[in-house]
Amino acid sequence: MLLAIETSCDETGVALFSEEGKLISHLLYSQVAIHSPFGGIVPEIASRKQLEVLYPFIKNLLAQTHTEVSQIKAVAATFGPGLIGSLLVGVSIAKALSFALKIPLIAVDHLHAHLTAVFLEKEVEFPFIGLLVSGGHTALFWVKSFFEYYVIGHTKDDAAGEAFDKVAKILGLGYPGGPKISQLAEKGDPEAICFPRPLLESKSLDFSFSGLKTAVLNYVKNHPSYKIEDLCAGFEEAVCDVLITKTFKAVEALNIKRVVVAGGVAANKRLRKRFLEKASTIDAEVYFPSLEFCTDNAAMVGLVGYKSWINKKYADLSTEPYARAVFQKINII
Ligand code: KG4
Ligand code: ZN
């Protein structure tokens, strides 16, 4: 069996995969309630909580699945990108298990795991255009095969999820902002307030969301009696327009009519609906992981871990976790 560990941010995830690559079980502990009063994640609190939760969590997973430690034949952990303190907790336990049990250690990249999470439930043909929209990252990928992918556009400032979280903070909605804004937006008119669509007309596939957040802040200051449902709907619509337009620019430029949308923001109902509508106009396919696999989880880490295991892509005890994303960017436009 393969044990997978995810501790890149404020979620503690553990998963168990069979030697045939089947997800046996996965558990997730969310720290949202702890960080919510601060309006965002406090890194020091996140890593301390990871330390407290991870070990008992692994023991729980093994107990629930009637698994002996000796049955674990490989261990995979997220090595980055993420909060370094949180990453170190998962990586250290993975290294200790690898050393003590003399089993392969596998380093999983968190962005790779998000991008391929869809394979937990369905097979998608390669190549595809991958849009990764999470709290930490917003990037477009040209995914040629499971292990070969290139960044073709990314955000120059805030990530899309970060914009949702910052706008929610401005509106006093708490953390995380995405689900709260999305719920309010459902009752609002997306056309009542027209927010800017940053870089929409630019030829590049890069994104920018910090100006949009400032536009919301200015609107709130200048219209004290704004209708929160319309504001959320208008903001969500602007984010959707940008993400969809850029993704389909990539579809056209590479002539790949297959898209995978992944990461926490891919859980957004309006985004999913609008992506499907747009895809149907040009006969393209769009895939999303189900909601539980959009946001952080260890199942997606286990899947990359399993594929790495069977391809003998191993790390070793000297492999270090990393806070910042490492990827190859190519310009296709
Ligand atoms: O992928 P994820 O769990 O963590 C990172 O790797 O960052 O993404 C978390 C982000 C948060 O910014 C959260 O506000 C956003 O995903 N999110 C959503 C929704 N659910 C989560 N954004 C928009 N609509 C949602 N329904
Ligand atoms: Zn993530």
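Entry note, the chain: relative contact order of 25 percent, from Cα contacts under 8 Å with a spacing of 6+ residues.
In the range 1-112, Cα pairs under 8 Å separated by at least six residues give a relative contact order of 31 percent. Put a dot 7 Å past the Cα of SER280, heading toward its Cβ, do the same for ASN218, and the two dots end up 3.7 nm apart.
Starting from 0.36 nm per residue, how many nanometres of slack lie between GLU121 and SER225 once their C-alpha separation is accounted for?
Details: separation 104, 0.36 × 104 = 37.44 nm, distance 4.50 nm.
Stretched out fully, the GLU121 to SER225 stretch lengthens by 32.9 nm.
Each stretch of four or more DSSP H residues adds -39500 (n - 2.57); spread over every residue of the chain, this sum gives -13500 deg cm²/dmol at 222 nm. Under 5 Å from the amide H of HIS154 lie the amide H atoms of LEU140, ASP206, PHE207, each residue being 5 or more positions distant or on a separate chain, with H modelled from the backbone and absent for Pro and chain starts.
By how many nm would the segment from GLN64 to ASP189 lengthen if fully extended, with 0.36 nm per residue of separation less the alpha-carbon distance?
Details: separation 125, 0.36 × 125 = 45.00 nm, distance 4.63 nm.
Full extension of this stretch gives 40.4 nm more.
Over 30 Å apart at the Cα level, from the set LYS156/LYS257; LYS102/LYS307; LYS122/LYS273; LYS278/LYS329; LYS180/LYS278; LYS22/LYS180, are LYS22/LYS180. Quick one: helix 210-222 against the long Cα principal axis of the chain, what's the angle to the nearest 10°, folded into 0 to 90? Between the helix axis and the principal axis of the chain, the angle is about 50 degrees.
Rounded to a whole number, what % of the accessible area of the range 123-288 do carbon and sulfur atoms account for, probe 1.4 Å? Reported share for carbon and sulfur atoms: 51 percent. Counting only alpha carbon atoms, the long axis of helix 84-101 and the longest principal axis of the chain meet at about 20°. Rounded to the nearest 0.05, what FRET efficiency do GLU52 and ALA253 give with R0 = 41 Å and r taken as the Cβ-Cβ distance? Could you check? Efficiency for this residue pair is about 0.30.
The values are calculated or read from the model by the stated rules, or taken from the named source; none is laboratory data. As the structure is a prediction and not an experimental result, all values here were calculated from the model. Positions of Cβ are generated from backbone atoms using ideal geometry, with glycine treated the same way; all protein chains shown enter the neighbour counts. We work out accessible area using only protein heavy atoms, side chains counted, and drop any ligands, DNA or RNA first. Shrake-Rupley method; radii C 1.70, N 1.55, O 1.52, S 1.80 Å.
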